[in-house]
Every structure is written in C-alpha cells, then in structure tokens.
Amino acid sequence: MKRPFPLLFSILIIASLLLAACAPQATPTPEQPVVTQAPAQPAVTEQPPPTEQPAPTEPPPTEKPAAKEVVALIGFTASQTGNLNVESTRQINGLNLWMKTVNDAGGVKLSDGSVVKFEAKFYDDESNKDRVQELYTRLATEDNATFLISPYSSGLADAAAVIAEQYGKIMITTGAASDSTYKKGYTLVFQSYTPASKYLTGAADLLAATDPSVKKIAIAHENDKFSTDVCTALKDYAEAKGYEVVLFEGYDTGTTDFAPLINKIQGLAPDAIMGGGHFQDGSTLAKQIFEKKVPAKFISLLVAPPEPSFAEIGDAALSIIGPSQWEPLAKFSAESAQAAGVDWFGPSSQEFTDAYMAAYTEEPSYHAAGGYIAGLLLQKAIEQAGSLDIEAVKSALDSLDLLTFFGAIKFDTSAEAHGLQLGHSMVYIQWQGESGSLKKQVVWPKEGSSAELLDPRK
C-alpha cells in the first residue's frame, strides 16, 4: 500500500512550519536594516483652515488735534455820538483793524498750546463821563471783559480808569494824555500816548529853534481836562524858556463863536498862538483866526490839525501846526530799533497805513494809529506772558521797552506814576502847499522833518 508515505511527508512539512513560527527572531545583520514601527500619533481633531491674514501695512498717520481756542473779550466804549465822535470813531477803527489782523493771522498762542482769539464788546458813551462809569462797570461785571481799552479823551479815560482798577481789569489807555490819571496809585492802567505834560512843549522848542526873535505867546484852550493839562504844562515850560505868556484863557466845550476871544488876542498882538482842544473846536478856531486875518507868525493847535479832514477848512488850514502822536511820514523801523538796542514789534508804518486805507478808504490819523497800538501792546504782553493771567500780563507790560510803528513804548513802574508813558514822543506837522492841494509835512523834530517850517505871513 503506497498512501502512507505522502501522508507522512505532509505531516512533517506542517510540523516544521509550526516550529519555525515559534522559534526566536534572528538578529539582523548590518546588511539588513532594522525596520521600526513609527510611534502612534495622538488623535487629531480636524480644524478649519487658518484664516488668511492681510499683509502688515503702515499705521495711518494720526491727525494732530486742533489747538484749543480761547476767546478774550475786549471791552470799551466809543463816542459814536457827542462832541468827540470824530476822533473816537477813528480810534475804534484802528482797534478793530488790529483785532481783525491778529485773528486772521491765527490768534495769539499761549504757553499751554491754546490759542487766543479776540472779540469786542462796546457801547456808545455819548461823550458823557457819567455814562462811561456806568458802562465800564457793566463791561467789568456783567460782560466780564477780559481786558479793557479806554474811551477817547483824557476826561473819559480818567473816569474809566477807576472802574478798571476797582474790578481788577487791565486797561490800555489811548486817546488819553493827561498825566494825573497815572498818579492816583493805580497798578493796572497803562498809557500809550505821550503824556499831556510833554504834548505841546515841543512847539515851544520848534519856535525857539526857527525864530529866536519871538517873545510873546497867547494860549487859548478848551476847558476840559486834557486841554487844560496840556496848556498848563506848556505855559510853565514856555515861561521857563523866557517867553512872555500874554494870554492864558479857556473857552467852553462846544464853543462855535470865537470872535470875543480872537478880538482879545488881536489886542495883545502875540507873535504866536497856541492851545486849542479837540477836532470841532480846533478847526473852527483856526478858520475864524484866518477869516479875521490875525497876523500871528506861528499857530499850533491841539488834536485838529493832524486829522486828514482838517484840510476841509481850505486855505484856513495853510501853515497851521499840530502835535501828532504819529504820522505815516514817521520812519520807525526794525533797523532803527536794532540801532537803539530795543525790540521791534508789529507792522511797519507803511504796512499799517496800507491796511487801514484798504479797510476804511482814508488815510489814518494818529487817533486810528492809537487804537491799533492799544491792541498791539496788549498782544505783545499776552505773547510774552504766555497767558491771560492778569498778574502775568501786567508784569509783561511793566517790562516792555520796544519800538513800534507808533514809536517808542516804555511805562513808568514807580508807585508814584505807575503806567505813565515814558518812551513815546510827539512829532509836529504843518499844512503846506498850494490852495486846493494842501499836504501835511513833518517839521519837528529836525531829524524826522520832511520840510522846513512855513511862515504864514509870507
């Protein structure tokens, strides 16, 4: 039987396979690289694909915050009616021009970065002293004005000064020359005009320099505070220089008929006539002196002659002399300030004149320049102080020593005369030319003159 052998052979093959499977694994040789199983990875939760981020860009430029704007209220009264309206109107024109100029230029920057702009609050004082005190009290208390500017004329400014001091308000006076206001112990009132005590004394100097033969002077003046103060100082000064004052007489405000006074002057036969008051009385007095053919060789009157409209009295204006706080012909400049060793501030005379004529279509008088300079001095003090604080601005005003288009500015800081103007001096003009084409010329001081003095008798 032949089947058992194949069966046996199959059994042996199966047994050898089983033994091979149970035997230990052979150590690999270098030629047989070891294969290791990768470690198990932790389960991964499927995440959404990352959101695509924009590429980084430059941060947008940050806008500089606008400077904080502060309003400073400038309070004043103006004689829009009454006998002082001509001079007062021009003074306020000048002040308003300054305010517009500085505001349009961006205002005044303070040390904290804020910017001051100016606004005006004013009332018509009707050329009345009683109204002035009532209205300045309202400006200081109800309106809470930051700073004050005086009304035109020494009498009205004097009435306003006591209110300014009482309520702790700085006041710049302009159109106000009397010395006495600044001798009352005030500390917050500052004068921009040449004081009355020096207002007409230059006329005596001019007279002495041009005609030493003159000996007799007649002085006729308006009976108001300013004119009386000016002419009293003139009388004392002229007598000290050896002149004989043959007449010293006042006339009432509002006088229109000067015949009695002129007759008296003619009877005394003076070589020179000086005095006057304000625009209306001064122009009328000059006209009537001309009509009566008074043979004086030298006539110098307050306030009226420097006004451009003085020429409207025609030939009566010829040769009349007047003291002026400022004239467009005056050549103050940054160069002259440097030569004098003082600071220069503000526009030139030409720049001021051009701006004023563009705004008001007339040549500026010294009253207009006085209004502008009042604001300009306040501006300079605020800039220097870097603040609207009253004490800081006061200290800045006390320290000013500068030259402007208006001339030199420096204040007395003594207790006896605090705020009195020390730096500014007068120029003297005379109307010259042919009938119908008269023009002002500067005749004194000599170094600033534009023409020689004209003798009216020639």
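None of the figures in this text is laboratory data; all of them are computed from the coordinates on show. All values reported here derive from a predicted model rather than from experimental measurement. Cβ: placed from backbone, ideal geometry, glycine included. Neighbour counts: every protein chain shown.
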Pull out the extension gain between K121 and L388, defined as 0.36 nm times the separation in residues minus the alpha carbon to alpha carbon distance; nm, one decimal. 94.4 nm
Karplus 3J(HN,Hα) series, Hz, for the range 114-124 with 6.51 cos²θ - 1.76 cosθ + 1.60 (x for Gly, Pro): 6, 10, 9, 10, 10, 10, 10, 9, 9, 9, 7
For G250, distant residues with modelled amide H under 5 Å away: H221
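Which GluC sites (Glu not before Pro) does the range 352-458 hold that lie in a coil by DSSP with at most 12 other beta carbons within 10 Å?
E416, E434, E452
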Note down the net charge around N103, summing +1 for each Lys or Arg and -1 for each Asp or Glu among other residues with Cβ under 9 Å from its Cβ. 0
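If you filter the range 327-411 for trypsin sites (Lys or Arg not before Pro), then keep DSSP loop positions with at most 16 other Cβ within 10 Å, what is left?
On the way: sites: K331, K380, K394, K410; in loops: K331.
Those that pass, being in a loop and sparsely packed, are K331.
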What are the aspartates and glutamates whose alpha-carbon lies under 12 Å from the alpha-carbon of K68, with same-chain residues fewer than 8 places away excluded? D112
